[in-house]
Amino acid sequence: MKVKISALILTSVFALNSCKTKFIEENSAKTNIKEVVKSSDAVLVDVRVPEQYSEATAKGAINIPLTDLQNNIDNLKGKKVVVFCNKGIQADQAVEILQKNGVEVYDGTTWKNVKAIQEEK
């Protein structure tokens, strides 16, 4: 009996992980973040606090701290928005907030990543 339960749990774990992997692959295949960052119509949004933003950020980025993002949704609707921060954690939260509000949003993860994309030839 324990073997059957263990096998069922193991099968479930593999099935759930395969679905997640497929979703991630399909999502990244549809969107190349490099193309979005380099497009002239993308809005680059640094979601860090103003002090961090003023120290360094990607070229052309605007600063909308994560805590103020909800208040700026109307300004971002209808635009391609790339969000980023220091480590990607706040960017992930920003993506979730913007997606729930119907904004076309892309995760640039970190400001260093977005800056590196901008500097690629």
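Read the figures in this text as sums done on the coordinates, not as results from a lab. In this text the structure is predicted, and so the values were computed from the model without any measurement. Because the Cβ atoms are built from the backbone with ideal geometry, glycine has one as well, and the counts that use them run over all protein chains shown.
Counting alpha carbon pairs within less than 8 Å and at least 6 residues apart, what relative contact order, in whole percent, applies to region 28-121?
On the way: 162 pairs, mean separation 29.5, N = 94.
Once divided by the residue count of region 28-121, the mean separation gives 31 percent.
Which net charge results when you count Lys and Arg as +1 and Asp and Glu as -1 among the other residues whose beta-carbon is under 12 Å from that of Trp111? If you can, show how the numbers build up before the last one.
Details: positive: Arg48, Lys59, Lys87, Lys112, Lys115; negative: Asp46, Glu55.
Surrounding charge for Trp111 is +3.
Take the Cα gyration tensor of region 31-119, multiply each eigenvalue by 5, square-root it, and list the three semi-axes largest first, rounded to whole angstrom.
Ellipsoid half-lengths, sorted descending, are 17, 16, 11 Å.
Between Thr67 and Glu35, what is the spin-label point distance in nm, taking each point 7 Å from the Cα along the Cα→C-beta axis?
Each label point is offset 7 Å from its Cα along the Cβ direction, giving 3.8 nm.
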